[in-house]
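Undergrad: Have a look at the structure that comes next, please.
The values are calculated or read from the model by the stated rules, or taken from the named source; none is laboratory data. All values reported here derive from a predicted model rather than from experimental measurement. FYI the Cβ positions are ideal-geometry reconstructions off the backbone, even for glycines, and counts take in every protein chain you see.
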Amino acid sequence: MSKNREFNKEIDFVMRVMHHAQAAVKSRFIQDVVPNRLTVVQFNAIQHLHWFGGEAGMYVSELGEHLGLAHNTVSGLVNRLEKHGWVVRCKCDEDRRRARIQLTPQSEELFQERVQYAADFWEQTIGQLSDEERENLLGSLKKLKHVMAKPVWPSYAQMHPRDADHLREKFETELDELVQAKLKLVGIRLILAKIAEKRNEHELAAYLNQAASEEIHHTNQLFSLLGHGEDFHTLLSSLVDEDKVVYEELLTLTENAPCNEDDEELILLQQMLQDSHRYKRWFSKVQKQKNR
């Protein structure tokens, strides 16, 4: 038993050393990232482009697979990186409708600088050990690497299969995300159209209304492709449920609002609450009629 306890203590010590080493490397990593006004996620993105993109770069969908992020999230991430000069979108020769994300010289320069940063870091850490200590450490680490490498871990390709069913499912998921994005655009354009009409900018209002109308048409087509058009009752039911959630959130906001009764914010919330209640009654009534 005592032998097992001693072994467990040794394992615990090794794990703590590895944890501290990882924390030190991460701390140095953050020191490199912060001065460049990059978030860790942004740096991870350009790092994956540097490692796997090569000169050709990567599609947004490919980058999303590497980062484990949704298409919309990665698209927004790329927009911010492009805005600050870290990446650029280049049209693909094979398909002009798609763009590959490539690093700019600014990003390449960052990775060249990191080589020197890394050398300085290891000089300040491992460099403090004597030649004999370094030799013993490296020998032990090589043995540990050999032992740890024996289990057969799944490859990236195995973890992310590219069979036909998987690709179809992934494509449908991305289409669904596109539908959600288009629905948001419809709402924004209709709101801007109302504002433009109030400002007597009738031409702009007409363009916005037309764009919103076309977006609705596109969204309907996508719904049909995804088979949602055949599931109208389920969609209506989800709309009723969403209205209930919105109504409850508005009710909570109104009750907890740090405003007086004549404040514009509270008046607006109360009006929205009344409207939301009215919408909820409408859709619930239609849903009951459909279920008869």
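Undergrad: Kindly indicate the residue of the range 54-65 that is in contact (Cβ under 8 Å) with a residue 24 or more places away in the chain and in contact with a helix residue (DSSP H, G or I) (Cβ under 8 Å, 6 or more places away or on another chain) and also surrounded by the most Cβ atoms within 10 Å (Cβ to Cβ) among those meeting that condition.
TA: Looking at residues that are in contact (Cβ under 8 Å) with a residue 24 or more places away in the chain and in contact with a helix residue (DSSP H, G or I) (Cβ under 8 Å, 6 or more places away or on another chain), I get LEU63.
Undergrad: Cβ-Cβ under 7 Å, sequence separation 6+ or interchain: first residue in the range 189-200 and farther than 13 Å from GLU215 by Cβ, partner surrounded by 12 or more Cβ atoms within 10 Å (Cβ to Cβ) and of a type outside the set (Gly, Ala, Ser). Which pairs?
TA: ALA196/LEU204; ALA196/LEU208
Undergrad: Further question: Which count do you get for residues in the range 111-139 that are in contact with a helix residue (DSSP H, G or I) (Cβ under 7 Å, 6 or more places away or on another chain) and modelled with pLDDT under 80?
TA: So the answer is 4.
Undergrad: Limited to the range 67-89, what total is found for residues that are among the polar types (S, T, N, Q) and either more than 15 Å from GLN180 (Cβ to Cβ) or not assigned by TED's automatic domain parsing to the domain that holds LEU110 (or both)?
TA: 1
Undergrad: Could you go through the range 273-287 and let me know if any residue there is polar (S, T, N, Q) and modelled with pLDDT under 80.
TA: yes
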